[in-house]
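Colleague: Let me begin by handing over the structure; questions about it come next.
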Amino acid sequence: MSAPIGSVRSDLSVSRLSLFWLGSLWLAMLHWRWTHLPTGQGYDPTPLWLNRFQQVSVVWLALPLLLMLASLVGALRLGRPRPQDRQAPLARAWVAYLAMHLGAFLWMVPWAWLSPLAQQYAYAVWVGACLWPVRQYLRWRFQPGWWKWSLSAFGLAILGALIYAWVFHPAPSVNGAVPLLLRANLTQKVFWLIQLCLLTPVLEESWYRGLLSGPRPTRLILSALAFGLVHADPSALPQLIWLGLVFGWARWGGGLPAAVLAHALWNGTVAVYLLGA
């Protein structure tokens, strides 16, 4: 039995009104974050790694190049995704996402006295809890060949980051988590790595690729833009948008687990890149 026409129109009006007000507040939040960026030059371990690479055998340097080449060939062979999952309704996905972000401000007030690491875990609790009302749109299925999509996306992420760094020479990232990770003791580093390599990939992929994204280019681009902008990191913005597109490609080709694994591999690589120097 179909819903009355008046009821459908009423639901659409509520959704549009919610999107308008929540979207306006979200843009205001983004403006505040981008105007209150951390000061300083950031941390760039690239010179240290280049100095080490000059003393390393060419054979070892060839391994990551072969990985990226294999990823590119694999991506070309996989081609355009043929999604087996349905995308979440656009209006409901964005309303849930915007409400989650704006509600985080109120949720984080009681935890302001905690350390930054503890605040990260408190924030993860909120982000995860907000997924419960929209859990029916998250399909954690391992589609055939999901690992191929994941590894190809990971290789494309690294390839894009290297090309971006080589061509544009961006300023070091001003991500506030970087100095905290570098100054942490061993126990804190373990919890930071759990946050970065497990919780963050699961939660971010659930929101950005599980809900906001879709197999069509428009939704892929919109979700990737939101993913990049919300990090408030100017020098890393093009790279973050690229990651959003690549992880979205993996999600709609290999399923949500493929995007999560690619994201976890990327974050783990970044952690090694920072800590290893």
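Colleague: Which one, Phe105, Leu19, Trp34, projects farthest toward the positive side of the charge dipole computed for the chain from Cβ point charges (K/R +1, D/E -1)?
Modeller: Of Phe105, Leu19, Trp34, it is Leu19.
Colleague: Order 140-147, 191-198 from most to least packed using the mean count of other Cβ atoms within 10 Å.
Modeller: Highest-to-lowest ranking by the protection proxy: 191-198, 140-147.
Colleague: Kindly express, to the nearest 10 degrees and within the range 0 to 90, the angle between helix 217-230's C-alpha long axis and the longest C-alpha principal axis of the chain.
Modeller: 70 degrees
Colleague: In the chain, with Lys and Arg counted as +1 and Asp and Glu as -1 at Cβ, which of these residues, Gly255, Leu203, Ala124, has the Cα nearest the positive end of the dipole, that is, farthest along it?
Modeller: My answer, from the dipole projection, is Gly255.
Colleague: Taking +1 at the Cβ of each Lys and Arg and -1 at the Cβ of each Asp and Glu, which of Leu212, Ala264, Trp166 sits farthest along the dipole of the chain towards its positive end, judged by Cα position relative to the Cα centre?
Modeller: Result: Leu212, furthest along the dipole toward the positive end.
Colleague: Excluding Phe142 itself, what net charge comes from residues whose Cβ is under 13 Å from its Cβ, given Lys and Arg +1 and Asp and Glu -1?
Modeller: Taking every Cβ under 13 Å from that of Phe142, the sum is +3.
Colleague: Per the Debye formula with a single identical scatterer at each Cα and no solvent contribution, what log10 I(q)/I(0) holds for the chain at q = 0.11, 0.15 Å⁻¹?
Modeller: The calculated log intensity ratios at q = 0.11, 0.15 Å⁻¹ are -0.69, -1.26.
Colleague: How much mean residue ellipticity at 222 nm does the chain get from its helices, if each DSSP H run of length 4 or more adds -39500 (n - 2.57) and you divide by all residues, to the nearest 500 deg cm²/dmol?
Modeller: -22500 deg cm²/dmol
Colleague: In addition: Can you pull the one-decimal nm distance between simple spin-label points at Leu30 and Ser115, each 7 Å off the Cα toward Cβ?
Modeller: 3.4 nm
Colleague: While we're on this one: Calculate how steeply helix 5-35 sits against the longest principal axis of the alpha-carbon atoms of the chain, using the helix alpha-carbon long axis, and give the answer as 0 to 90 degrees to the nearest 10.
Modeller: Taking the Cα atoms of the chain, the angle to 5-35 is about 30 degrees.
Colleague: With an 8 Å cut-off on Cα pairs and a minimum separation of 6 or more residues, tell me the relative contact order of region 5-275 in percent.
Modeller: It comes to 30 percent, rounded to a whole number.
Colleague: Hey, another quick one. So, with +1 on the Cβ of K and R and -1 on the Cβ of D and E, and no other charges, what is the size of the charge dipole of the chain about its Cα centre, to the nearest 20 debye?
Modeller: In total the dipole reaches around 720 debye.
Colleague: I'd like the orientation of helix 146-168 relative to the chain: the angle between its Cα long axis and the longest Cα principal axis, in ° from 0 to 90, rounded to 10.
Modeller: That helix lies at roughly 70 degrees to the long axis.
Every number in this text was worked out from the coordinates using simple rules, so none of it is lab data. Just so it is clear, the structure is predicted and the values come from calculations on it, not from any experiment. In this analysis, Cβ positions are derived from the backbone assuming ideal geometry, glycine residues included, and neighbour counts consider all displayed protein chains.
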